[in-house]
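Report on the structure given below.
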Amino acid sequence: MDTQEIMARGQAFLAGTYGRAPVAFTRGAGTRLWDSDGREYLDFVSGIAVCNVGHCHPKVVAAIQEQAQRLLHVSNLYYIEPQVRLARWLAEHSFADKSFFCNSGAEAIEAALKLARRHAATRCGPQRHEVVCMENSFHGRTFGALSATMQPKYQEGFQPLVPGFVSVPFNDLPALERAVTERTCAVLLEPIQGAGGVNVPDRGYLAAVRRVCDERGALLIFDEIQTGLGRTGTLFAYEDEGVEPDIMALAKGLAGGVPMGAMLARDEVMAAFTPGSHASTFGGNPLASAAAFATVSVIEEEHLVEHGRKVGAYFAAGLERLGEYFPRLGRVRGRGLLLGLELPVEGAPAVDACRQRGFLINCIKGSVLRFLPPLLIQEQEVEALLTCLHEVFTELDGLR
Ligand SMILES: Cc1ncc(COP(=O)(O)O)c(C=O)c1O
């Protein structure tokens, strides 16, 4: 099928939940994608922060092929070797002792919310059930995750939502101090907000949130679904300031493009889950676990965290320099290879113009360009995008 045919069939047979660009990709390798008409693109989206090790990394592909020939699925009625190998790696590389595996970010959040409520219920009773969340957060589209996603546009038309979710402005410590009470079982936040606009809190804020949680007996949950696995210049974003959560949600970059989520916690917190408390038929199945173990091994062996941090700093400096030519651009936001640049105009025309020139970028909140390249991106590739952005911004109305 050519692009026109794929689009026509998509419009006829797919639910209209996505606003899709008029392009269909058929092949990927490293930082590059090719569409159904054979055109090549440089990818600064990574399937929305998923392909941290690039497209079709040979070691991930080999692990999937090897596992697919051996065993695809058995369920969690039994032990699964690739799953325990992955859980051990995560325990050795994070604050956590134990992992629960699922299939997406929203599911990892659901598991985190259920664990926090159960942990509080078994210790203090059901009145301690509230979850304090942040304005502009994004945690996913299932009902629990959506109830924690404090952006009206995502919640509209789906009420009533799950009760017990309280919202405070992000990066506002006095508001948090007022909101966390003896009814609070957990505070949930992204260490850097992704879909909410690439918002980095002030230094010291996360440590203060940790202190408030400790003082009031609430658990701290970090949603590292977008920030985790090297995206922000450290393996997990919480490492930057050394503030450890009690529970962490992962997904996106975990399995190199194969759907997988994980909810991690320290032993004494995870102990609130006992056989039957929570489950997932597919969670941590042999195929996804083998892909994930290969992915985290690549991140480690190829030093992608360090590389991403270095190229991220180069990229951020290049974006800042664009501000000298286009003074109406906002300051560059983010860390590592999760970067945002606010335009004074709608961002969609810039995204389209970049794509027409062979560069994939993304726009959130209407006017914030978001850049999430694979961690193995090279400085010359960043330079090529910066040149493209310069051309595109020159042609766009309202930028000078
Ligand atoms: C921070 C964060 N949490 C949760 C999610 C939801 O993940 P999923 O789409 O895999 O359910 C996302 C997805 O963009 C995310 O960025």
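The values are calculated or read from the model by the stated rules, or taken from the named source; none is laboratory data. All values reported here derive from a predicted model rather than from experimental measurement. A quick note on method: Cβ atoms are made from the backbone with ideal geometry, for glycine too, and the neighbour counts reach across all protein chains shown.
Numbers for the structure displayed
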{"read-out": "Only one of Cys133, Cys124 that is in the same structural domain as Ala186 (by TED's automatic domain parsing) and at pLDDT below 95", "value": "Cys124"}
{"read-out": "Pairs where the first residue, in region 206-235, is free of Cβ contacts under 8 Å to residues at least 40 places away in the same chain and the second is within 16 Å of the ligand (Cβ to nearest atom) and assigned to a loop (DSSP other than H, G, I, E, B), C-beta under 7 Å, 6+ apart", "value": "Leu206/Pro191; Leu220/Pro245; Phe222/Pro191; Phe222/Pro245; Glu224/Pro191; Glu224/Phe236; Gly228/Phe236"}
{"read-out": "Filter pass, Glu241 being of a type in the set (Asp, Glu) and within 17 Å of the chain's Cα centre (by Cα)", "value": "no"}
{"read-out": "Test: residue in region 152-166 that is under 20 Å from Thr227 (Cβ atoms) and not hydrophobic (A, V, I, L, M, F, W, C)", "value": "yes"}
{"read-out": "Flag if Tyr205 is within 16 Å of the ligand (Cβ to nearest atom), of a type in the set (Phe, Trp, Tyr) and either within 22 Å of Asn362 (Cβ to Cβ) or surrounded by fewer than 20 Cβ atoms within 10 Å (Cβ to Cβ) (or both)", "value": "no"}
{"read-out": "Counted residues, region 221-253 - those being in contact with a Ser or Thr (Cβ under 8 Å, 6 or more places away or on another chain) and within 10 Å of the ligand (Cβ to nearest atom)", "value": "2"}
{"read-out": "Tally of residues being part of a helix (DSSP H, G or I), under 21 Å from Ala271 (Cβ atoms), more than 11 Å from the ligand (Cβ to nearest atom) and not aliphatic (A, V, I, L, M) across region 99-143", "value": "7"}
{"read-out": "Considering residues of region 118-137 that are of a type outside the set (A, V, I, L, M, F, W, C) and under 23 Å from the mean Cα position of the chain (by Cα) only, the residue farthest from Arg216 (Cα to Cα)", "value": "Asn136"}
{"read-out": "Tabulated pairs, region 345-359, first modelled with pLDDT of 95 or more, second assigned to a helix (DSSP H, G or I) and not aliphatic (A, V, I, L, M), C-beta under 6 angstrom, 6+ apart or interchain", "value": "Cys354/Cys388; Arg357/Cys388; Phe359/Cys388"}
{"read-out": "Residue match in region 246-254 (condition: over 14 Å from the mean Cα position of the chain (by Cα) and at pLDDT 95 or above)", "value": "yes"}
{"read-out": "Region 144-175, subset assigned to a helix (DSSP H, G or I) and within 16 Å of the ligand (Cβ to nearest atom), residue nearest to the chain's Cα centre (by Cα)", "value": "Ala145"}
